[in-house]
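For reference, the structure is listed below as structure tokens.
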Amino acid sequence: MAKYVYTFAEGDESMKNLLGGKGANLAGMTKLGLPIPFGFTVSTEACTEYNKNWGKALSAEAKAQVDEGIKALEAKSGKKFGDDKNPLLVSVRSGARASMPGMMDTVLNLGLNDTAVEALAAASNNARFAYDSYRRFIMMFSDVVIGVAKSKFERELDEYKEKKGCKTDLDLTADDLKAVVAKFKEIYKNDQGKDFPSDAKEQLYESIGAVFRSWDNPRAFVYRRMNDIPYEWGTAVNVQEMVFGNLGETSGTGVAFSRNPTTGANEIYGEYMVNAQGEDVVAGVRTPSPMSELKNEKNMPGVYDEFVTLAKKLENHYKDMQDMEITIENGKLYFLQTRNGKRTAQAALQIAVDLVDEGLIDQKAALMQVDPRQLDQLLHPVFDTAALKAAKPIGKGLPASPGAAAGKIYFNAEDAEEAAAKGERVILVRLETSPEDIVGMNVSKGVLTVRGGMTSHAAVVARGMGRCCVSGCEEIKFNEEGKSFELGGRKFTEGEYLSLDGSTGFIYGEDIPTMEAAISGNFAKFMEWADKTRKLKVRTNADTPKDARKAVELGAEGIGLTRTEHMFFEEERIPKMRKMILSDTEEERKAALAGILPYQKADFVGIYEAMAGRPVTIRLLDPPLHEFLPNTDKDFEDLAKDMGKPVSELKAKAEGLHELNPMMGHRGCRLAVSYPEIAEMQTRAIIEAAIEVKKSKGYDIVPEIMIPLVGEIKELRYVKEIIDKTAKTIFEETGTTLEYHVGTMIEIPRAALTADEIAKEAEFFSFGTNDLTQMTFGLSRDDAGKILKDYIDKNIYEVDPTARLDQVGVGQLMKIAVDKAKPVRANIKLGICGEHGGDPSSIDFCHRIGLNYVSCSPFRVPIARLAAAQAAIKNG
């Protein structure tokens with residue numbers, strides 16, 4: 001019989017895949033002897049069975065094992081589940097293998113009903129606490145498990161408080177809460193047509209199922225896609241005895257980090273609330289107090305010191321900064337969970353370097369602690385210094401996630417997403433964020449919330465995303481329905497500009513210009529460790545000297561792709577390009593190309609100089625010619641006048657160049673086959689520029705000329721002969737020679753399958769995975785967005801294959817090409833220059849199949865450097 005349930009005493013930290021991160025850590029903390037409310041974990045395997053084979057209901061076998069887990073809990077606690085005298089209450093929480101804060105569902109205070117609540121009131125001698133717990137349970141169970149809108153309960157509670165003149169929940173008496181409970185049960189019955197369930201086991205089975213189902217909720221899907229978490233991992237469920245932070249002034253709840261998750265400073269950082277439950281801190285219902293003030297709580301003597309001691313014990317045990325949730329029940333401290341804490345990129349580097357300096361971990365362990373994608377945060381804009389000095393803040397919240405953001409105000413995720421799709425810079429303003437806002441947060445430049453602290457949902461998620469966030473600005477008078485708010489004596493409406501400083505918490509009622517961030521501090525040291533460890537070289541995709549210089553500044557070791565076509569679109573060049581395309585004879589084309597040559601050569605001189613002798617791969621013209629053609633009648637008229645030809649003739653010729661499927665049409669090497677003079681001109685520009693820079697700067701330049709879209713060795717040989725012949729002519733003209741290499745992009749499946757033949761002519765391969773993915777999937781990347789959304793939403797594709805390399809199909813073609821090419825040409829240079837070259841999981845694959853380098857956009861170079869180091873550590 002399969003085992004699905006493990007008590008905390010049975011599990012251990014090595015069982016993370018089975019018990020999830022939270023369950024494995026609870027088992028670990030139990031073994032360490034920390035004060036943990038006892039419980040059990042329902043495994044990730046049960047989640048998979050539930051969602052795939054059990055018809056979205058717990059099997060009889062699973063229920064029996066859950067019942068045994070409850071018996072173990074009863075024996076440990078001395079209480080009885082569903083009892084009307086000494087009831088055992090439990091929490092039901094998710095716990096996936098990878099931390100997914102707020103993405104899945106939780107139910108607290110489970111096991112309460114009309115008789116159990118009276119027993120709880122009698123046992124605690126605190127009726128207010130018992131009914132406060134009951135109203136929380138009804139709302140949470142109804143919302144999370146059954147699907148009754150939470151807003152119905154919140155509205156009822158707000159109206160009741162207003163009627164009674166109560167500002168907060170704490171002002172409600174036991175009798176008030178009894179009345180609220182009655183109203184909540186009425187809401188449930190009106191919505192569901194039946195009474196709220198009173199059977200504790202039914203409540204538990206349904207809640208476990210709800211957590212399993214939440215693995216499939218939209219926000220979990222979005223989070224998994226953003227964080228490379230596979231669907232098949234599933235989530236575990238942790239059932240744990242309740243301890244209560246809402247028993248009065250001697251109780252409380254808190255969320256804390258063993259180090260500062262924003263700066264990385266070695267200090268306890270967090271917040272707590274007296275007389276509250278954990279959901280209050282995370283949801284930002286009330287603004288909490290800094291954890292450091294806990295030491296001054298007269299009703300909880302010694303709790304702070306005990307917490308600090310145990311927090312450091314956990315950090316030393318897990319060898320990483322810890323994110324901990326605690327409850328204090330009548331002066332006694334309990335740990336509900338610990339996990340490696342989410343942190344900003346700045347903090348990640350600081351913590352990693354400090355832990356090495358403290359001797360807790362070595363450099364390789366430090367490299368594995370930092371998510372490569374986080375380094376992107378270090379490159380985010382900051383406010384222009386002069387503009388910021390002139391600006392006056394209109395308010396201040398908590399500096400929840402660093403960086404600077406300016407944009408137009410939007411009040412919900414849907415409007416934010418729509419505005420961002422139109423190219424607007426968006427600032428999302430919310431009373432408080434919830435997991436449903438994740439898409440809106442992802443497209444926003446910054447997030448501002450009225451409620452919530454430094455560990456609220458908004459703060460934690462924004463930090464993980466690298467979004468600027470200011471939270472808990474309670475000065476704001478917020479009108480969600482009216483899409484407006486008041487702050488600093490001004491009223492702001494949708495579409496007005498706002499600027500946020502996530503490092504200070506200041507809010508500005510204007511559009512402050514931003515500038516690029518300067519990298520300093522631990523970055524250089526950390527990246528030096530990465531460079532020392534990695535085996536893959538990291539190049540950049542750069543089409544201009546400016547891009548090339550930025551990439552070198554960020555650690556690029558060469559250029560893996562220069563797209564020559566982008567250079568032709570500038571105002572003084574495009575007419576000459578059009579003239580060449582619409583010429584009738586080779587002589588006319590050559591004359592037009594002679595006018596383009598000086599520009600093309602100057603571009604290459606600039607790029608060679610920027611790269612200072614580092615390798616540069618230049619791709620010959622790739623896109624179909626019709627992309628360069630005139631779009632307006634005036635452009636046609638100007639061109640006709642210049643060429644001395646009728647407009648009608650040029651329009652007819654242009655019309656003839658249009659193709660039904662241009663991405664698989666007359667492009668790439670096919671252009672050079674039809675128009676050899678194009679390849680001649682580009683070769684001349686590439687070689688002459690290299691000779692000139694070698695002479696003027698002394699750089700040892702070895703150009704790499706890349707022929708695109710090859711699928712047949714004869715194509716490659718034909719174009720290569722043009723290049724070699726042109727180079728030979730230049731060497732004769734100049735009386736000098738220069739080493740150069742000719743290679744190809746592998747972007748057609750046939751090229752991968754015949755790589756042994758192609759390697760006879762190609763000195764290097766660069767995998768153009770944008771086109772290779774398109775052609776392997778038979779999916780136009782220009783139209784893929786409309787199709788992929790449905791495929792991803794329906795879990796047919798787990799991720800967008802244009803963003804993350806499909807290792808099963810496209811990757812197999814790459815491996816075939818590598819394995820076929822190496823025996824033919826032992827020293828063949830192998831790289832990747834598609835967008836996948838900056839994706840960490842794709843980089844890991846490139847390491848495993850034996851590529852020499854990856855190439856990515858300039859700002860992704862640091863990401864690629866770290867990902868390459870991690871690939872070397874993981875794979876040896």
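The values are calculated or read from the model by the stated rules, or taken from the named source; none is laboratory data. Model, not experiment: these values are computed from the prediction. No Cβ is skipped: glycine too gets one built from the backbone with ideal geometry, and neighbour counts run over all protein chains shown. The protein model used for the area step is the full one, side chains on, heavy atoms only, and it has no ligands, DNA or RNA in it. Shrake-Rupley method; radii C 1.70, N 1.55, O 1.52, S 1.80 Å.
Could you give the nm distance between label points at Lys312 and Glu739, where each point is 7 Å from its Cα heading toward the beta carbon?
So the two model labels end up 5.7 nm from each other.
Among residues other than Lys194 whose Cβ falls under 14 Å from its Cβ, what is the net charge (Lys/Arg +1, Asp/Glu -1)?
Overall, the nearby charge balance is -4.
List the relative contact order of the stretch 681-778 as a percent without decimals, with contacts defined as Cα pairs under 8 Å and 6+ residues apart.
30
For the chain, what does -39500 (n - 2.57) per DSSP helix run (n ≥ 4), summed and divided by total residues, give at 222 nm, in deg cm²/dmol to the nearest 500?
-14000 deg cm²/dmol, from helical runs alone.
So how tilted is helix 784-793 from the main axis of the chain? Cα-based, degrees 0 to 90, rounded to 10.
30
Could you report the accessible area of Lys178 in Å², rounded to 10, computed with a 1.4 Å probe on the protein chains as they sit in the structure?
Near enough 80 Å² of accessible area.
Largest first and in whole Å, give the semi-axes of the stretch 498-601's equivalent ellipsoid, each being the square root of 5 times a Cα gyration tensor eigenvalue.
Sorted largest first and rounded, they come to 42, 25, 9 Å.
Tally up the carbon and sulfur contribution to the accessible surface of the stretch 691-841 as a whole percent, 1.4 Å probe, everything protein left in place.
Here carbon and sulfur together make up 50 percent of the probe-accessible area.
Provide the net charge surrounding Ile873, with neighbours chosen by a C-beta distance below 10 Å and charges set as Lys +1, Arg +1, Asp -1, Glu -1.
+3
With a 1.4 Å probe and all protein chains left in place, how much of the accessible area of the stretch 106-236 comes from carbon and sulfur atoms, in whole percent?
The value for the stretch 106-236 is 46 percent carbon and sulfur by accessible area.
Mind jotting down a quarter of the surface of the convex hull over the alpha carbons of the stretch 204-324, in square nanometres, one decimal? Mind showing how you got there, number by number?
Details: hull surface 38.6 nm².
So the Cα hull casts an average projection of 9.7 nm².
Quick one: grab Rg to one decimal and Dmax as a whole number for the stretch 75-155, Cα atoms only, in Å.
14.2, 41
In the stretch 280-333, carbon and sulfur make up what percent of the accessible area (probe 1.4 Å)?
Accessible surface attributable to carbon and sulfur in the stretch 280-333 totals 48 percent.
Give or take rounding to whole Å, what are the principal axis extents of the alpha carbon atoms in the stretch 65-115, in descending order?
In descending order, the Cα extents are 38, 24, 16 Å.
For Glu588 and Asp228 in the same chain, what is the full-extension length gain: residue separation times 0.36 nm, less their Cα-Cα distance, in nm?
124.3 nm
Report, as a whole number in µm² per second, the diffusion coefficient that Stokes-Einstein gives for the stretch 20-111 at 20 °C and 1.002 mPa s using the Kirkwood radius over alpha carbon pairs.
For the chosen part, D equals 146 µm²/s.
Show me the ranking of peptides 766-773, 654-661, 377-384 by mean Cβ neighbours inside 10 Å, starting with the highest.
Most protected by this proxy first, the peptides run 766-773, 377-384, 654-661.
Under a 1.4 Å probe, what is the accessible area of the chain per residue, stated in Å²?
About 40 Å² of surface per residue is accessible.
Taking the Cβ of Glu516 as the center, what net charge do the other residues with Cβ under 14 Å away carry, scoring Lys and Arg +1 and Asp and Glu -1?
That sum, taken over residues with Cβ under 14 Å, equals -1.
What is the P(r) of the stretch 307-439, as percent of Cα-Cα pairs per 5 Å bin from 0?
2, 8, 12, 14, 15, 15, 13, 11, 9, 3, 0
Take the Cα atoms of the stretch 601-709, build their convex hull, and give its volume per residue in Å³.
Enclosed volume per residue, from the Cα hull, is 130 Å³.
Roughly how many whole Å is it from the C-alpha centroid of the stretch 188-254 to that of the stretch 791-859?
After rounding, the separation between the Cα centres reads 38 Å.
Using a 1.4 angstrom probe on the protein heavy atoms only, line up Phe38, Phe569, Phe212 by accessible area, largest first. Walk me through the numbers before you get to the answer.
Values: Phe38 25, Phe569 95, Phe212 0 Å².
The most accessible residue leads, giving Phe569, Phe38, Phe212.
Once each part is reduced to its C-alpha centroid, what is the distance from the stretch 255-302 to the stretch 688-704 in angstrom?
Distance between centres, Cα-based: 61 Å.
From the protein chains alone at 1.4 Å, what is the descending order of accessible area for Ile36, Ile863, largest first?
Ile36, Ile863
Taking the Cα atoms only, what angle lies between the long axis of helix 861-875 and the longest principal axis of the chain, rounded to 10 degrees?
Here the helix axis deviates by roughly 70 degrees.
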